[in-house]
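One structure is given here, and the rest of the page talks about it.
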Amino acid sequence: MHNDLRKTAGQLIMIRFPGTVLDAATADFLKTNSIRAVCLFRGNMTDAAQLARLTADLRAVMGPEALIAIDQEGGAVVRSTWVPAPPAAMGLGAADDTDLAYRTGAAVARAVKSLGFNWNFAPVLDLNNNPHNPVIAERSFGAEPQRAAALAMAWMAGSHAEGVACCVKHFPGHGDTSVDSHRDLPTVNKPVDELHRLELAPFRIACAAGPLSAPAIMTAHIVYPTLDQENPATMSRRILTGLLRDEWHYQGIIITDGMDMHAIAGRYGVGNAAVRALTAGADMVMALGTTETQNETLDAIAAAIACGELSQSDIDTRLARLSTLALAYPCKPRSYKEDAADRAIMAEGWRRALTAYSVAGQAPQRPAAGAKLRLVARQDVVSDGVSEAGVPAAVVAASLRKLYDVELLTFADANTFDWSTLPQDGRYTMLASTSRLRYGENARSGWHPDLHLALWNPYQALDIQAPALLTYGFAGPALDAINAWLSGELQATGNAPVPGFCS
């Protein structure tokens, strides 16, 4: 009997696993527990051939209702890095064109479907209304609810037209936090009417669009005291059932964010938290973590079923929703002949996103062709655990060397690097920001480049007293767009879709 309950529990969780092949132990774990959903990350991927084999092996084990998921948002949050590189959501916000957003979402879907995925955890519906947000920033389409929702819905429609289900995130909104829920439990303490006017508005639009509504929504590990004083949204019946199901009549899938994140695992324990999420109204628990924590999750859910804490009718409803999603977006890879055309769509997005930022009336100026240029950038490139690692300084230098005589100078720590030690030799000085971290007082007070290339987090432009170019991401097409601007071929026509910037 316990095995049957674990098989039921297995259909309500999504797991991750290490490695680039489906080893016998993982295959057995999936089969034994009837697990039908996995999320793959960068560490599971090397190239298209390997990934296609892996997803084919997963389909063979998990069956026709397999759900194979990926975070392929665009910008810095992409797992498959060799396919055409999509602009970040805020880049599309800066371009402000729903047709471009639709074509981008469709191109993303064509690429990931060819690799064997049928579920993409995108687009982000968080409004980035906090410039110190450490984890959303350029992942958001902007700060204005209706426009952000319109762009996200267009992106999602493009994905759905190509057969890949979307999952909007992070409900009820991760935009106005200064804490990363991967590391701790954030709180967004706002009056209910303000939440409805801002954070909740894009999600309500996405949930209320009838047949065009989001087929899935991901919860945030955040406490909203005016909605529920005690529970993070992931485990809040008031939010998931009361607001989303009863008030908004949302019919799609509710899936939790990763339950291995410290905001949850460190406070509640993974098994207990999984049961609380399901009883709150979630349909699927993202049980990432390890085999040990996945077993703990399965045992806890099975025990909750056995004692009636999770009723059979509730489970049947959840399983029916998951089946509906899997059948509507079957996991059937397609050929991918559109690579070149899709690269052109993505390049258009990066070019139209490019935003000029002026300081004290001083707009960015192009150095003359062939000028002597000093590029300053940090030595290492880092991932923040959500995004891929930034672009290496040497890659930025190589790109700029197509136009200039470039000397590269790197620093280890922005908090101690002394800008005044740079030679006063007349070289045009460019700062390239290649991490997500905002700058501290040392950089804000003492760094004065001639031009700042904000290659990741646009808010870094507010930290440096220099005119800037904002790309909202560091993929190859972003560097190409900068070169096109530097050579006079391109105007920076993007407008940052968040407060604090003027172009």
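The values are calculated or read from the model by the stated rules, or taken from the named source; none is laboratory data. Note that the structure is a prediction, hence the values are computed from the model and not measured. Cβ placement follows ideal geometry from the backbone for every residue including glycine, while neighbour counts extend to all protein chains displayed.
For region 2-47, filtering for residues that are under 29 Å from VAL77 (Cβ atoms), among the aliphatic types (A, V, I, L, M) and assigned to a helix (DSSP H, G or I) leaves 2.
Every residue, every condition in (1) at positive phi; (2) crowded, with 24+ Cβ neighbours inside 10 Å; (3) in contact with a Gly (Cβ under 7 Å, 6 or more places away or on another chain), yes or no:
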| site | (1), (2), (3) |
| --- | --- |
| LEU278 | no, yes, no |
| VAL285 | no, yes, no |
| THR290 | no, no, no |
| GLU296 | no, no, yes |
| ILE305 | no, no, no |
| GLY308 | yes, no, no |
| SER311 | no, no, no |
| ASP314 | no, no, no |
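Highlighted here are the helices (runs of 4 or more DSSP H) found entirely within region 269-378 that include at least 2 residues which are in contact (Cβ under 8 Å) with a residue 12 or more places away in the chain and under 30 Å from GLN11 (Cβ atoms): 270-280, 291-306, 312-328. Considering only region 44-55, I want to know if a residue exists there that is farther than 20 Å from ALA475 by Cβ and hydroxyl-bearing (Ser, Thr, Tyr). Yes, because at least one residue in region 44-55 is farther than 20 Å from ALA475 by Cβ and hydroxyl-bearing (Ser, Thr, Tyr).
Each row is one residue, and each column tells you yes or no for (1) surrounded by fewer than 17 Cβ atoms within 10 Å (Cβ to Cβ); (2) not assigned by TED's automatic domain parsing to the domain that holds GLY476.
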site	(1), (2)
GLU348	no, yes
GLN365	yes, no
GLY370	yes, no
VAL382	yes, no
LYS402	yes, no
ALA414	no, no
SER420	yes, no
GLY426	yes, no
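Does ALA432 fit the bill of being crowded, with 16+ Cβ neighbours inside 10 Å and either at pLDDT 95 or above or in a loop (DSSP other than H, G, I, E, B) (or both)? It is true that ALA432 is crowded, with 16+ Cβ neighbours inside 10 Å and either at pLDDT 95 or above or in a loop (DSSP other than H, G, I, E, B) (or both).
When ALA206, ALA106, ALA122, ALA201 are checked against the criterion of being over 29 Å from MET259 (Cβ atoms), modelled with pLDDT of 95 or more and in the same structural domain as ARG42 (by TED's automatic domain parsing), a single residue qualifies: ALA106. With respect to ILE264, determine if the residue is crowded, with 16+ Cβ neighbours inside 10 Å, aliphatic (A, V, I, L, M) and in contact with a Cys (Cβ under 9 Å, 6 or more places away or on another chain). Answer is no for this residue.
Scanning region 150-169 for residues that are of a type in the set (D, E, K, R) and part of a strand (DSSP E or B) yields a single hit, LYS169.
Of all residues in region 467-503, those that are of a type in the set (Gly, Ala, Ser) and buried (at least 22 other Cβ atoms within 10 Å of the Cβ) total 8. Among the residues of region 478-503, the one identified as over 24 Å from ALA371 (Cβ atoms) and not in a loop (DSSP other than H, G, I, E, B) is THR493.
Answer with yes or no whether GLY175 is surrounded by fewer than 22 Cβ atoms within 10 Å (Cβ to Cβ) and either modelled with pLDDT under 90 or not assigned by TED's automatic domain parsing to the domain that holds GLN72 (or both).
no
Residue pairs whose Cβ atoms lie under 8 Å apart, separated by 6 or more positions or on different chains, with the first residue in region 142-164 and assigned by TED's automatic domain parsing to the domain that holds ALA122 and the second surrounded by 24 or more Cβ atoms within 10 Å (Cβ to Cβ) and among the basic types (Lys, Arg), are GLU162/ARG110.
Only one of THR256, THR234, THR219 is buried (at least 22 other Cβ atoms within 10 Å of the Cβ), free of Cβ contacts under 8 Å to residues at least 40 places away in the same chain and either touching a strand residue (DSSP E or B) at 6+ places or on another chain (Cβ under 6 Å) or charged (D, E, K, R) (or both); which?
Being buried (at least 22 other Cβ atoms within 10 Å of the Cβ), free of Cβ contacts under 8 Å to residues at least 40 places away in the same chain and either touching a strand residue (DSSP E or B) at 6+ places or on another chain (Cβ under 6 Å) or charged (D, E, K, R) (or both) holds for just one of THR256, THR234, THR219, which is THR256.
Which residues, taken from region 259-268, are assigned to a loop (DSSP other than H, G, I, E, B) and without any contact (Cβ under 8 Å) to a residue 60 or more places away in the chain? The answer is MET259, ASP260. Each residue in region 1-58 was checked for being in contact with a helix residue (DSSP H, G or I) (Cβ under 7 Å, 6 or more places away or on another chain), over 21 Å from THR297 (Cα atoms) and hydroxyl-bearing (Ser, Thr, Tyr), and 1 pass.
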